[in-house]
Amino acid sequence: MGTQTTLTVDSAARMNRLGHALAGLLRPGDLVLLSGELGAGKTTLTRGLGEGLGVRGAVTSPTFVIARVHPSLSGGPALVHVDAYRLGGGLDEMEDLDLDVSLPESVVVVEWGEGKVEQLSEDRLEVRIERALGGEAAEDDSDPRRVTVTGLGVRWADADLTGLSEG
Ligand SMILES: Nc1ncnc2c1ncn2[C@@H]1O[C@H](COP(=O)(O)OP(=O)(O)OP(=O)(O)O)[C@@H](O)[C@H]1O
Ligand SMILES: [Mg+2]
């Protein structure tokens, strides 16, 4: 059971704005899984999400680390940004990372190599990003993505995702 919405996101700037909108839905303890091929826009979305949460530090690709903690600047939840490509054994391994943060008090965003994260929270928001044009070049500079947001578990059962398509 879940709730789902699909939107078309025309530009990186709009992807950033979608991150802001998503941040408005998130609470401490939430898990967000981002899937999509290389360069799909997972980090771009996470950057907007971090801005929306009001956390310290710009979100970048976590190249040399498995996870990066961005503490809140405003007493809200920290953002824990995880690169699942480097997380071999699934989310359980996160307990062993010795992050200086409480996961139940944080928002955890995982850039997810599909099938890499085996043990998942039942309550999670899955965001799937796909190139909307396949291999074709756009006529203008836009490079649209199709974004499908799915809320799973009781946490998201009654959530209203329709607001994500505005703005
Ligand atoms: N509609 C769009 N949405 C998101 N990003 C876009 C869009 N159009 C163009 N871009 C560009 O595509 C790139 C997306 O890169 P990003 O690092 O966010 O992808 P990623 O999914 O995190 O990749 P990786 O798998 O390497 O982590 C950026 O350079 C961004 O400016
Ligand atoms: Mg990335």
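Brief remarks follow.
- Residue within the stretch 27-48 that is touching a Lys or Arg at 6+ places or on another chain (Cβ under 7 Å), away from ligand 2 (no atom under 16 Å from the Cβ), open to solvent by less than 40 Å² (accessible area, probe 1.4 Å) and outside any loop (DSSP other than H, G, I, E, B) present: yes
- When the stretch 51-65 is filtered for residues that are under 16 Å from V101 (Cβ atoms), in contact (Cβ under 8 Å) with a residue 24 or more places away in the chain and away from ligand 2 (no atom under 13 Å from the Cβ), the ones remaining, listed by number, are L53, V55.
- Selection count, the stretch 32-47, where residues are within 10 Å of ligand 1 (Cβ to nearest atom) and on the phi < 0 side of the Ramachandran plot: 11
- Remark: pairs (first residue in the stretch 121-132, under 14 Å from L38 (Cα atoms); second residue open to solvent by 30 Å² or more (accessible area, probe 1.4 Å) and of a type in the set (G, A, S); Cβ separation under 9 Å; 6+ apart in sequence or on different chains) = R131/G39.
- Of the residues making up the stretch 49-77, those that are under 13 Å from E105 (Cβ atoms) and assigned to a loop (DSSP other than H, G, I, E, B) are P71, G75, G76, P77.
- Scope the stretch 1-30; condition β-branched (V, I, T) and touching a Gly at 6+ places or on another chain (Cβ under 6 Å); matching residues: T3
- Test: residue in the stretch 13-27 that is under 12 Å from V109 (Cα atoms), within 13 Å of ligand 1 (Cβ to nearest atom) and free of Cβ contacts under 8 Å to residues at least 60 places away in the same chain: yes
- Qualifying residue in the stretch 57-72 (condition: at pLDDT below 95, on the phi < 0 side of the Ramachandran plot, more than 9 Å from ligand 1 (Cβ to nearest atom) and of a type in the set (D, E, K, R)): yes
- Scanning the stretch 76-121 for residues that are at pLDDT 75 or above and within 16 Å of ligand 2 (Cβ to nearest atom) gives L79, V80, H81, V82, D83, A84, V108, V109, V110, E111, W112.
The values are calculated or read from the model by the stated rules, or taken from the named source; none is laboratory data. None of these values were measured; they are calculated from a predicted model. Glycine gets a Cβ as well: all are built from the backbone with ideal geometry, and neighbour counts include every protein chain shown. In case anyone asks, the SASA skips ligands and DNA or RNA and just uses the protein heavy atoms, side chains included. Shrake-Rupley method; radii C 1.70, N 1.55, O 1.52, S 1.80 Å.
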